[in-house]
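*Asks:* One structure follows; several queries about it will come next.
The values are calculated or read from the model by the stated rules, or taken from the named source; none is laboratory data. All values reported here derive from a predicted model rather than from experimental measurement. A quick note on method: Cβ atoms are made from the backbone with ideal geometry, for glycine too, and the neighbour counts reach across all protein chains shown.
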Amino acid sequence: MADDEELIERSRRDPRAFEPLVDRHGPALHAYLTRRAGPADADDLLAQVWLAAFAARRSFDPARGEVRGWLFGVARHTLAAHLRTRSRAVVASAESVADEWDAVDARLDATTVRPALREALAALPAVERELLLLVTWEELAPAEAATALGIPPGTARSRLHRARQRMREHLGAPPASTG
């Protein structure tokens, strides 16, 4: 969104210009973090995302993608650091880590499909799984998801196609029509 790019540019001179981005993209980023880390951590993680994005606003390059995709990339990196820290803490204390797919299960309406869908998602390579979830759950365009993942848009489209095909095959669904 060109307006978002303008806000980033203006915020380099006037930090207050960054505030509309928080209002505009905050709910979607919060939902993403809630689904991935749980409601208990989402608020703190969102604050970290905004701090990191604000600090990195001078490095935003519109040639690499839109602001929304960039913000989801910042959120993804913040979440990954949180999960690594949490995993180390759990290993150190010998507690079991909550299954990250519990959030997936909570979002599914068809409980009969849940085990097969979980297995199919887990069978995907990590980048394809993340790409598929960014496009389906977070409603990012493939190009925005590419920005978030730091891969070229063409690569994202081909990996997304592959991920969808693998999911169909794993779930025994008929192949998608190409027309």
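*Asks:* From the residues in the range 137-157 that are in a helix (DSSP H, G or I) and over 12 Å from the mean Cα position of the chain (by Cα), which one is surrounded by the most Cβ atoms within 10 Å (Cβ to Cβ)?
*Replies:* Ala156
*Asks:* Every residue in the range 62-120 that is within 19 Å of Ala37 (Cα to Cα), modelled with pLDDT of 90 or more and among the aromatic types (Phe, Trp, Tyr), please.
*Replies:* Correct list: Phe72 only.
*Asks:* Restricting to the range 3-46, count the residues that are among the charged types (D, E, K, R), surrounded by fewer than 16 Cβ atoms within 10 Å (Cβ to Cβ) and closer than 17 Å to Thr78 by Cβ.
*Replies:* 2
*Asks:* Out of the range 50-83, which residues are surrounded by fewer than 19 Cβ atoms within 10 Å (Cβ to Cβ) and of a type in the set (Gly, Ala, Ser)?
*Replies:* Ala52, Ala55, Ala56, Ser59, Ala63, Ala80, Ala81
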